[in-house]
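A.B. asks: Take a look at this one; I'll ask things after.
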């Protein structure tokens, strides 16, 4: 989705060399920050002047009605009006307008210290692609972060990032960060809301960019009003982005293994019960083998379809993993043919069992013999339907992507 931006006061610059030699752009998203925007801009300008850095301050205004944009322009900041609402939308517009070789971002609520960007800049100059602040290492002032965020949400989600994505960060939600401007095309950031910051980190890691962190501080919000952050809504979105972005092997390979174990053990149990180290396995185990096959297929199909959709939506960078290759090469007729074979085989088992029941004058059947036919038959019909609908869904998703791309 294109972000509608327009540059106001485009000729305002902090340095006459800015347009050609600008090294740093400090981008501040703004939505009614009249009490704090001046403080943030002066801090950023002070950093540029003190360090002798050629740079600019860009305020991405998301529709302020309190005069924040007027104050920012009067202080020499470049004001970028952004009509598309959202934290991510404002930042994307600010990044697009930024001229610096290195771009810094931070909230306009006076919670971050824009005068302390020197460690970030040093890491970027050393070759890092993305540098993120760590508030837990730098210091969190009293009342600066809700206890639920400080002691539960943020540490837990940062731990998830380290485990599932091997991100070398202890504070993935820190809003003060810097990155190389030439990394933006590869990152291709899409999120419009607060999950924008998480998308940046996940993509940078999947693209094998150099990521580091430096200590930074967090002060209480200086606006005297509730923040734009909504704990449960934005937390839910972030968690969904995590789950959708997980490496495909996290679901694909466990699902395939579960299917294989269910099929192998189930095939053995259809023929006869077995005993393993004194443990007797019979039709009760066969029932769980059928469930394992169905659950395993769900994980495999979820992994393939989700990876395809995430890459198509540019929420993940393109990859050549097995899930992506299968998603690209699997055709609708393949899924329909396999699904039809499984359904017919299952119905055949049902008819066979019905015939045995008829021969017995519709009386009681031996449950151990009957279940050896009923369970595989029901599993086959169910799996056939799942395969059919998964193929239809993937085909519709491909059609939608092609139509959107060609349109």
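Any read-out appearing in this document is the output of simple, stated calculations on the displayed coordinates, not a laboratory observation. Here the structure is a predicted model, which is why all the values come from computation and not from measurement. FYI the Cβ positions are ideal-geometry reconstructions off the backbone, even for glycines, and counts take in every protein chain you see.
A.B. asks: Could you point to the label whose value was computed as P(r) over Cα pairs in 20 Å bins from 0, in percent for the structure here, given (1) 26, 61, 13, 0; (2) 18, 31, 25, 17, 7, 2, 0, 0; (3) 23, 41, 23, 11, 1?
C.D. replies: From the options (1) 26, 61, 13, 0; (2) 18, 31, 25, 17, 7, 2, 0, 0; (3) 23, 41, 23, 11, 1, the structure gives (3).
A.B. asks: Simple spin-label model, 7 Å along Cα-to-Cβ: residue 392 to residue 357 in nm?
C.D. replies: Taking the two extended label points, one gets 2.7 nm.
A.B. asks: Just to be sure I understand: with springs between alpha-carbon atoms less than 10 Å apart, which residue in 361, 161, 60 has the highest mean-square fluctuation in the Gaussian network model of the chain?
C.D. replies: 361
A.B. asks: Related question: What do you get for the angle between helix 87-97 and the principal long axis of the chain? Use alpha-carbon atoms, 0 to 90 degrees, nearest ten.
C.D. replies: Taking Cα atoms only, the helix is inclined about 60 degrees.
A.B. asks: Let me ask something else. If I take every Cα pair under 8 Å that is 6 or more residues apart in the chain, average their sequence separation and divide by the length, what percent do I get for the relative contact order?
C.D. replies: Working: 709 pairs, mean separation 54.6, N = 407.
The value is 13 percent.
A.B. asks: How would you rank 64-77, 164-177, highest first, on the average number of other Cβ atoms within 10 Å across their residues?
C.D. replies: Top of the packing list down: 164-177, 64-77.
A.B. asks: Could you calculate, for the stretch 121-232, the ratio of the Cα radius of gyration to the Kirkwood radius, expressed as Rg to Rh?
C.D. replies: Dividing the radius of gyration by the Kirkwood radius yields 0.96.
A.B. asks: Further question: Say R0 is 41 Å: what FRET efficiency, to the nearest 0.05, do residue 85 and residue 331 get from their beta-carbon distance? Walk me through the numbers before you get to the answer.
C.D. replies: Numbers: r = 40 Å, r/R0 = 0.99.
The formula returns an efficiency of 0.50 here.
A.B. asks: Calculate, in nm to one decimal, what residue 280 and residue 207 gain on full extension: separation in residues at 0.36 nm each, minus their alpha carbon distance.
C.D. replies: Gain on stretching residue 280 to residue 207: 21.3 nm.
A.B. asks: Please give the contour-minus-distance gain from residue 122 to residue 240: 0.36 nm per residue of separation, less the Cα-Cα distance, rounded to one decimal in nm.
C.D. replies: 39.1 nm
A.B. asks: Using only the alpha-carbon atoms, how far is helix 154-164 inclined from the longest principal axis of the chain? Give it as 0 to 90 degrees, nearest 10.
C.D. replies: The two axes meet at around 60 degrees.
A.B. asks: Identify which of 285, 379, 83 has the largest mean-square fluctuation in a Gaussian network model of the chain, with springs joining Cα atoms closer than 10 Å.
C.D. replies: 285
A.B. asks: Working out 0.36 nm times the residue gap between residue 21 and residue 39, then minus their Cα-Cα distance, what length gain in nm do you get to one decimal?
C.D. replies: Stretched fully, the residue 21-residue 39 segment lengthens by 3.9 nm.
A.B. asks: Let me ask something else about it. Between residue 166 and residue 385, what is the spin-label point distance in nm, taking each point 7 Å from the Cα along the Cα→C-beta axis?
C.D. replies: About 4.2 nm separates the two model spin labels.
A.B. asks: Follow-up question, since we're still on this one. Using only the C-alpha atoms of the stretch 249-406, find the volume of their convex hull and express it per residue in Å³.
C.D. replies: 116 Å³
A.B. asks: Round to the nearest 10 and give me the degree value, 0 to 90, for the angle of helix 196-206's Cα axis relative to the longest principal axis of the chain.
C.D. replies: 70 degrees
A.B. asks: Divide the volume of the convex hull of the Cα atoms of the stretch 17-57 by its number of residues and quote the answer in cubic angstrom per residue. Could you put the intermediate results ahead of the total?
C.D. replies: On the way: hull volume 2.5 nm³, N = 41.
It is 61 Å³ per residue.
A.B. asks: Using just the alpha carbons, could you tell me how many Å³ per residue the convex hull of the stretch 238-277 encloses? Mind dumping the intermediate values first?
C.D. replies: Values: hull volume 3.6 nm³, N = 40.
Residue-normalised Cα hull volume stands at 91 Å³.
A.B. asks: In addition: Tell me the label-point distance for the pair residue 73, residue 186, using the 7 Å Cα-to-Cβ offset, in nm and rounded to one decimal.
C.D. replies: Going from the residue 73 label point to the residue 186 one covers 3.8 nm.
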